Structure formats: C-alpha cells, structure tokens
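For reference, the structure is listed below as structure tokens.
The values are calculated or read from the model by the stated rules, or taken from the named source; none is laboratory data. Values in this document were obtained by computation on a predicted structure and should not be read as measured data. Please note: Cβ atoms are built from the backbone with ideal geometry, for glycine as well, and neighbour counts cover all protein chains shown.
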Amino acid sequence: MKGTVLYGARDIRFEDRPEPKIIKPADAILRLSASCICGSDLWPYRGIANFAELPAPMGHEYCGIVEEVGKEVRNVKPGQFVVGSFATSDNTCVICQDGYQSSCVQREFMSAAQAPLLRVPLADGTLVPITDVPPKELIPSLLATSDVLGTGWFAADAANVKSGKTAVVVGDGAVGLLAVLSAKQMGAERIIAMSRHESRQKLAREFGATDIVTERGEEGIARIKELTKGLGADSVLECVGTQESMLQAIRSTRPGGYVSYVGVPHAVKLDGTELFFGEVHLHGGPAPVRRYLPDLIELVLDEKINPGKVFDLKLPLDQVAEGYRAMDERRAIKTLLQP
C-alpha cells in the first residue's frame, strides 16, 4: 500500500509502505473510511518538533471497518465500523478506570493513520464499534470524534464549563472551534472566541460563540476583562500551546476560575508567583478521548452536533502533501483525507 511519511521540515511524501499485519494478539487491522491531518501534525511538519527517528509515518485520527483481529480481541469483530482514539488504552487499568485513558499504563500513541490500512494495538480498549455502518455523510463527524472533537470536549470539561457561565476559547483552529461547540453543549451562557480570521469566526458563531475577540496578548486580556466586568472569565480553554496563548488564558481567568490546556505546549514556561496569586485551577494534557467517545458518537449519530464542519478541505489521500501545505499556509482549517 501507499502511506504518508514525513522526511523532514515540509517534506511529506506519499510512498510505498508495508501493509500492516497482526503483531500482537490484542491487535486489529482497519480499512480506513477516512483520515485527516491534525493541527499537531504541523509542528513536526514545520520542523519545530521532531520525531526521534525520521522518516516517520504520519496520522493519528481514524475511523473505518475492521478487517482482521488478533486472537485475544473480544469487543470488536471483522465487518464492524469503529472509531478509535489517538492514544491506545486497555481501558481496564486504574488510570483508565479513572477516565484518563490517554495515560493508560499500556498506552501507545497512534501513527500511520494517513494510509488505507491501520494496525490498532489494544483493540478492545481503544476502539468503539458502531452497530451499523453509518451513512457516508456522517463519516466526517465520526472521524472528528477520534481526536479533534474529543480534545475540544476535554477542554470544556477540564475548564469546568457550566450552565449559565462564561467561557473563553483561545485558539481558532479545529480544536478551538470544537471547544466552542463543546462549551455550547455543556450550557455556557456566553462563549467568547478569540479569532482574527473571518471564516473561522463564522464557524465559531455557528458552533455557539456569542462574542468574538480579535485582540491578542495584553490587549486581548484587557478585552476579556472588559467583557466580564473586570473580573475575567469563569472558564478559559487554551487550544494552541504557545507561551503567549497560555499566559493569555491564565490572565483572562477570574480568581477561582478554571483554565484547561489541550494544545501541545512548545517552550511554555509559567511563573510560580503569578500562579500562586492568580488562584486559578489548571488542568490539561493529552485528551482522554476514549472516555468521551461513546457519548460523542451517539450525539453525531443522533445528528445533534455536526463537528465535521471543521473539515473545509477534502482531498484524495494521495494529495496529502497539498493538505499539509493548505493547513500550514492557513488556507484550510482542517483537511479530510479520503483513501
């Protein structure tokens, strides 16, 4: 088969790779219905964060049909449509049972999903099967649950978004936009999206944003304080991962408020004294998508949400390099890849 491989900064190739095989008895092989490019894929693509070894296969968001399972797999079977997380989990260890499957004691981070076939370790704990093969029009939204929606949902959950409260979302990428959707689903009365891009602002409003703030840095913080009677927001969802975005989130939160951080951090350093006197709750990390998958899948199948709208570019898988370029140049929010 052919799959996506990163050779170095802005060097993405679609080339021959070995077809995945069952290696361990808990594995499953999927034939993917769709994959996509994640905003976090852009860090290594830009050469900012490098893999331990290059070339490296790419892709960690996926859904599709089970083709084969190992002899220990019990919860999924060939022919079923499944969605899985970007982090594998046994879903039985004490950490998984506490709802943090993204830190399972047996965790592996998925890769190689930008291809027609994918091996998924710990299939019983990682994959969620759907009773019937879904209609094609729901595939993009089901794919979104695999990471970007699950991460946005964790951002809202970790920031303690509650009915009647004010939430601020820092970041207008796909995760930030779906954090807006998640905050809306959790009942936030006011949702302030921080964005400078008209197309993303429009989608944020579709997902539930009540206000748009275009300012950044100190000006952005001042604008949030102005909109919240000088106090700061109850919940702030940091969905970028830079020093500026993290400080903007913390400083836009009222004392006693909550900050979630789901953007993979790059060169972020926090001042202990500021945190001490700021009195804000901080919680984040790799989203435990598996915790939320069953409920998110149900919301999609019931057509109560349409997170697939974040895919504003759809390409055949063999045009994956153009998908990376489009996202890198901000011509696309998120690229869906069709094997």
Picking from Gly257, Gly284, Gly263, Gly278, the residue that is surrounded by 17 or more Cβ atoms within 10 Å (Cβ to Cβ) and touching a Phe, Trp or Tyr at 6+ places or on another chain (Cβ under 6 Å) would be Gly284
List the residue pairs whose Cβ atoms are under 6 Å apart, where the first residue sits in the stretch 121-150 and is more than 21 Å from Asn75 (Cα to Cα), the second is assigned to a strand (DSSP E or B), and the two are 6 or more positions apart or on different chains. Ile139/Ser33; Ile139/Ala34; Pro140/Leu336
Hey, which of the strands (runs of 3 or more DSSP E) in the stretch 1-81, taking only ones fully inside, have at least 2 residues that are modelled with pLDDT of 95 or more and closer than 14 Å to Leu118 by Cα? 2-8, 28-36, 62-69
Residue check, Arg223 closer than 18 Å to Thr166 by Cα, assigned to a strand (DSSP E or B), charged (D, E, K, R) and in contact with a strand residue (DSSP E or B) (Cβ under 7 Å, 6 or more places away or on another chain): no
Does Ile297 meet the test of being among the β-branched types (Val, Ile, Thr), assigned to a helix (DSSP H, G or I) and under 30 Å from Asn75 (Cα atoms)? yes
Among Gly217, Gly230, which is at pLDDT 95 or above and in the same structural domain as Ile191 (by TED's automatic domain parsing)? Gly230
Tally time: how many residues in the stretch 187-206 are surrounded by 19 or more Cβ atoms within 10 Å (Cβ to Cβ), of a type outside the set (S, T, N, Q) and free of Cβ contacts under 8 Å to residues at least 60 places away in the same chain? 6
Among the residues of the stretch 149-177, the number that are part of a helix (DSSP H, G or I) and within 19 Å of Gly99 (Cβ to Cβ) is 10
What number of residues in the stretch 309-325 are part of a helix (DSSP H, G or I), surrounded by fewer than 21 Cβ atoms within 10 Å (Cβ to Cβ) and not hydrophobic (A, V, I, L, M, F, W, C)? 5
Return a yes/no flag: does the stretch 143-155 have any residue that is surrounded by fewer than 24 Cβ atoms within 10 Å (Cβ to Cβ), small (Gly, Ala, Ser) and at pLDDT 95 or above. no
Quick check: anything in the stretch 277-285 closer than 30 Å to Gly84 by Cα, in a loop (DSSP other than H, G, I, E, B) and aliphatic (A, V, I, L, M)? no
From the list Ile224, Ile212, which residue is crowded, with 23+ Cβ neighbours inside 10 Å and modelled with pLDDT of 95 or more? Ile224
Suppose the filter is within 17 Å of Ile191 (Cβ to Cβ) and in contact (Cβ under 8 Å) with a residue 60 or more places away in the chain; does Ala233 pass it? yes
Give the stretch 28-39 a look and list any residue that's crowded, with 21+ Cβ neighbours inside 10 Å and either within 15 Å of Gly241 (Cβ to Cβ) or charged (D, E, K, R) (or both), or say none. Cys38, Gly39
Only one residue in Val259, Val264 is assigned to a strand (DSSP E or B) and within 17 Å of Cys239 (Cβ to Cβ), so which one is that? Val259
When residues of the stretch 227-246 are limited to those that are aliphatic (A, V, I, L, M) and surrounded by fewer than 20 Cβ atoms within 10 Å (Cβ to Cβ), the one nearest to the chain's Cα centre (by Cα): Leu227
Hits in the stretch 96-117 - residues which are farther than 27 Å from Asp318 by Cβ and crowded, with 18+ Cβ neighbours inside 10 Å: Cys96, Tyr100, Gln101, Ser102, Cys104, Arg107
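Residue by residue, here is whether (1) outside any loop (DSSP other than H, G, I, E, B); (2) within 22 Å of Cys38 (Cβ to Cβ); (3) not assigned by TED's automatic domain parsing to the domain that holds Gly59 holds:
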site	(1), (2), (3)
Val83	yes, yes, no
Thr92	no, no, no
Val105	no, no, no
Gln114	no, yes, no
Pro129	yes, no, no
Looking at (1) buried (at least 16 other Cβ atoms within 10 Å of the Cβ); (2) more than 18 Å from Val175 (Cβ to Cβ); (3) under 19 Å from the mean Cα position of the chain (by Cα), can you tell me which one Asn91 breaks? (3)
